[in-house]
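Below: one structure, written as structure tokens.
The values are calculated or read from the model by the stated rules, or taken from the named source; none is laboratory data. Since this is a predicted model, take the numbers as computed values, not measurements. Cβ placement follows ideal geometry from the backbone for every residue including glycine, while neighbour counts extend to all protein chains displayed. For the accessible areas, the whole protein counts, side chains as well, though only heavy atoms, and no ligand, DNA or RNA atoms are used. Shrake-Rupley method; radii C 1.70, N 1.55, O 1.52, S 1.80 Å.
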Amino acid sequence: MAHSVLSREEKERIIRRLLIQAPPGEFVNAFDDLCLLIRDEKLMHHQGECAGHQHCQKYSVPLCIDGNPVLLSHHNVMGDFRFFDCQSKLSFKFDLLQNQLQDIQSHGIIRNETEYLRTVVLCALKLYVNDHYPSGNCNVLRKTVKNKEFLIACIEDHSYETGNFWNGLWKSKWIFQINPFLTQVTGRIFVQAHFFRFVNLHIEISKDLKESLEIVNQAQLALSFARLVEEQENKFQAAVLEELQELSNEALRKILRRDLPVTRTLIDWQRILSDLNLVMYPKLGYVIYSRSVLCNWII
């Protein structure tokens, strides 16, 4: 039976698709594994650069420039694989595989009332993020579309525990137009987790939101916006935890052959057997179910 040989274009398309599908925090691992299979350094380097640029935008990869956090997204893309940062007034390339900034250049920012509002909103958002995230990052960008000014607020926090066989990401994006009296805030919250101990489990949860904010002055807008984000993200978190609890209970019921009461407490079988003076034969099986086991499964 003849084996079909993939063309270079087909290889490029497959490599790029596989790299883009890499979960957050696992891009370099996926790249290294593909390098072992493809064995074409030039091809992998080019596709790794292209896919890495898209990966940074998709998962809001955080950087630190001059001591300030920067979140990469498609909102601060300039073209030619470059990003810009409003705080440091710099543009740059970022090599995800090497985790390095490259070709850093100055990037001018117009100082006007919108830029001042962006700074005020960023300060209010930082206070919220510092209070609610273990190691969260946030950034606020400004964009002009058809002579209309918009602010884009991005939040990101992650925990990459590859050694413990799981990685997780939380990110959100909030966009609103600068209007004189009332503005509509459009938001999107996104959570992705990957568990790969004993099972390859991917979880993706997202929610789109629309809320209105009254505008009195810049300070009031910044504080009201931060409170809105806090309220919506708290509601989302509570709903996610409830949903995961239902998922874990349902999965447990499907695994067991018959319904059993679930107490989520660790059963000391050895103590029970000693008290009853029983002998546990090797072929006799039992199930131990505890909160710690559940947490290892859904974190």
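The mean accessible area for residues of the range 1-75, using a 1.4 Å probe and ignoring ligands and nucleic acids, is 59 Å² per residue.
If the segment from residue 114 to residue 97 were pulled out straight at 0.36 nm per residue, it would be longer than the present Cα-Cα gap by 2.6 nm. One chain, two ends: residue 42 and residue 186. Fully extended at 0.36 nm per residue, the span grows by 47.7 nm beyond their Cα-Cα distance. Take the Cα of residue 219, step 7 Å toward its Cβ, do the same at residue 206, and the gap between the two points is 3.8 nm.
Any chance you could check the Cα centroid distance between the range 91-105 and the range 32-63 for me, in angstrom? The range 91-105 and the range 32-63 have Cα centres spaced 14 Å from each other.
Solvent exposure of the range 127-241 amounts to 54 Å² per residue of accessible area, where only protein heavy atoms count and the probe is 1.4 Å. Length gained on full extension, residue 20 to residue 106: 28.0 nm, using 0.36 nm per residue less the C-alpha separation. Accessible-area rank, largest first, for 159, 106: 106, 159, with all protein chains present and a 1.4 angstrom probe.
In the complete set of protein chains, residue-level accessible area for residue 70 is approximately 0 Å², probe 1.4 angstrom.
Rounded to the nearest Hz, the phi-derived 3J(HN,Hα) couplings of the range 15-31 under the Karplus curve 6.51 cos²θ - 1.76 cosθ + 1.60 (θ = phi - 60°) are 4, 5, 5, 5, 5, 5, 6, 4, x, x, x, 10, 5, 5, 4, 5, 4, where x marks glycine and proline. Charged side chains reduced to their Cβ positions (Lys and Arg at +1, Asp and Glu at -1) give the range 8-106 a dipole of some 220 debye around its Cα centre.
Using a probe of 1.4 angstrom, how much of the accessible area of the range 11-126 is carbon and sulfur, in percent? Answer for the range 11-126: carbon and sulfur cover 51 percent of the accessible area. Distance between the 7 Å Cα→Cβ label points at residue 160 and residue 243: 2.5 nm.
Within the assembled protein chains, the solvent-accessible surface assigned to residue 230 is about 60 Å², based on a 1.4 Å probe.
Listed by chain and number, the aspartates and glutamates whose C-alpha is less than 12 Å from the C-alpha of residue 11, apart from same-chain residues fewer than 8 away, are 40.
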